[in-house]
Amino acid sequence: MERINSTLLTAFILTGIPYPLRLRTLFFVFFLLIYILTQLGNLLILITVWADPRLHARPMYIFLGVLSVIDMGISSIIVPRLMMNFTLGVKPIPFGGCVAQLYFYHFLGSTQCFLYTLMAYDRYLAICQPLRYPVLMTAKLSALLVAGAWMAGSIHGALQAILTFRLPYCGPNQVDYFFCDIPAVLRLACADTTVNELVTFVDIGVVVASCFSLILLSYIQIIQAILRIHTADGRRRAFSTCGAHVTVVTVYYVPCAFVYLRPETNSPLDGAAALFPTAITPFLNPLIYTLRNQEVKLALKRMLRSPRTPSEV
């Protein structure tokens with residue numbers, strides 16, 4: 001496509017992910033099911049945390065409820081637009097829509113990073129300092145920490161969106177990706193993007209590296225504390241509450257590091273890796289937390305077996 005320097009773009013065309021045309025319907029149905037199950041699964045987690053007084057009074061499950069809201073948001077921002085690539089015809093995304101998609105993805109994605117760190121800190125306090133935990137992690141403090149995570153995520157998303165779209169875009173308008181993300185959009189800019197690429201690498205690198213380091217440090221302390229527990233049942237329960245968190249952190253951080261924290265290659269694997277934080281992880285989180293967290297499973301059983309009215313609780 002020829003570059004037209006005199007006209008600024010008003011829309012972009014997302015190429016989506018490569019696929020055989022004969023599988024168009026299959027992929028559409030697959031991602032539709034992923035989206036529906038993601039929304040239902042995370043909504044079930046939210047309802048369970050809200051309905052069970054044993055859960056919604058504990059910071060760990062307040063954080064889990066917030067994580068479900070974020071997962072529902074990320075899935076709604078990305079997956080419906082991805083599904084449009086499996087329908088007939090070219091469906092451009094308006095320039096403003098591209099800005100909004102990039103902002104909200106990085107806003108919610110960075111908030112999720114901060115929230116994973118808060119969840120690790122909460123587990124550290126609960127396991128390493130159980131007697132002081134009710135004093136150290138109060139409901140007020142957990143609410144302030146969540147508000148801080150939302151605020152920091154909003155600032156991060158705004159910084160990335162402003163830096164990306166302050167550049168002129170005058171053609172071509174074809175984004176080789178399934179959503180408006182920084183590396184793919186910057187390749188279309190009609191200006192030098194060196195500063196943007198450096199700031200993006202440093203900014204995202206600092207967020208990912210600092211959050212992951214704090215999580216790793218927390219779990220080193222947690223594992224040491226668990227190994228000092230004398231009973232096998234106590235160790236099993238401690239590992240049960242931490243295992244789900246470790247699993248989702250691994251599934252989330254490894255693809256993100258692959259996409260953002262390596263030299264620009266425009267590899268087809270970038271799109272496959274990006275499917276994890278945008279579509280697969282939001283879908284898996286409810287499954288992981290219900291299958292690996294004993295308290296969530298018990299709360300689900302209580303809610304499904306004998307629903308209670310507020311007066312009976």
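Could you give the distance between the Cα centres of the range 137-184 and the range 65-79, to the whole Å? A separation of 14 Å, based on Cα centres.
Measuring with a 1.4 angstrom probe and ignoring ligands and nucleic acids, Met303 comes out at about 50 Å² accessible. Using the Cβ of Gly271 as centre and a radius below 13 Å, the other residues enclosed give a net charge of -3, where K and R count +1 and D and E count -1.
Ignoring ligands, DNA and RNA, what accessible area per residue does the chain give at 1.4 Å, in Å²? Don't skip to the answer; put the middle values down first.
On the way: 15590 Å² over 313 residues.
Solvent-accessible surface per residue comes out at 50 Å².
Given contacts defined as C-alpha pairs under 8 Å and at least six residues apart, what's the relative contact order of the range 11-294, whole-number percent? Don't skip to the end; give the middle numbers.
On the way: 319 pairs, mean separation 77.1, N = 284.
Dividing the mean separation by the residue count of the range 11-294 yields 27 percent.
Taking the simple approach of a point 7 Å from Cα along Cα-to-Cβ for both Leu40 and Leu167, what is their distance in nm? About 4.2 nm, to one decimal. In this structure, Ala272 and His230 have a Cβ-Cβ separation that, at R0 = 35 Å, corresponds to a calculated FRET efficiency of about 0.15. Counting protein heavy atoms only, the range 11-294 has 74 percent of its accessible area on carbon and sulfur, 1.4 angstrom probe. Ordered by solvent-accessible area of protein heavy atoms (1.4 Å probe), largest first, the residues Phe12, Phe27 come out as Phe27, Phe12. Where only DSSP H runs of four or more residues are counted, the chain gives -24500 deg cm²/dmol as its mean residue ellipticity at 222 nm, each run worth -39500 (n - 2.57). The accessible-area ordering, largest first, of the residues Val206, Val90, Val199, Val259 stands as Val90, Val206, Val199, Val259, per a 1.4 angstrom probe. Here are some values of Rg/Rh (Cα atoms, Kirkwood Rh): [x] 0.93; [y] 1.01; [z] 0.99. Which one was computed from this structure? Structure-derived value, by its label: [y]. Since only Ile182, Leu40, Gly148 are under comparison, the one whose Cα sits farthest along the positive direction of the charge dipole of the chain, derived from C-beta charges on Lys, Arg, Asp and Glu, is Leu40.
Given 0.36 nm per residue, what is the gain on full extension from Leu287 to Ile220 after removing their alpha carbon distance, in nm?
Values: separation 67, 0.36 × 67 = 24.12 nm, distance 2.53 nm.
This chain segment gains 21.6 nm when fully extended.
The values are calculated or read from the model by the stated rules, or taken from the named source; none is laboratory data. Predicted model, so just to flag it, every value in this text is computed and none were measured. Quick reminder, even Gly has a Cβ in these numbers, built from the backbone with ideal geometry, and neighbours come from all protein chains shown. SASA here: full protein model, heavy atoms, side chains in, ligands and nucleic acids out. Shrake-Rupley method; radii C 1.70, N 1.55, O 1.52, S 1.80 Å.
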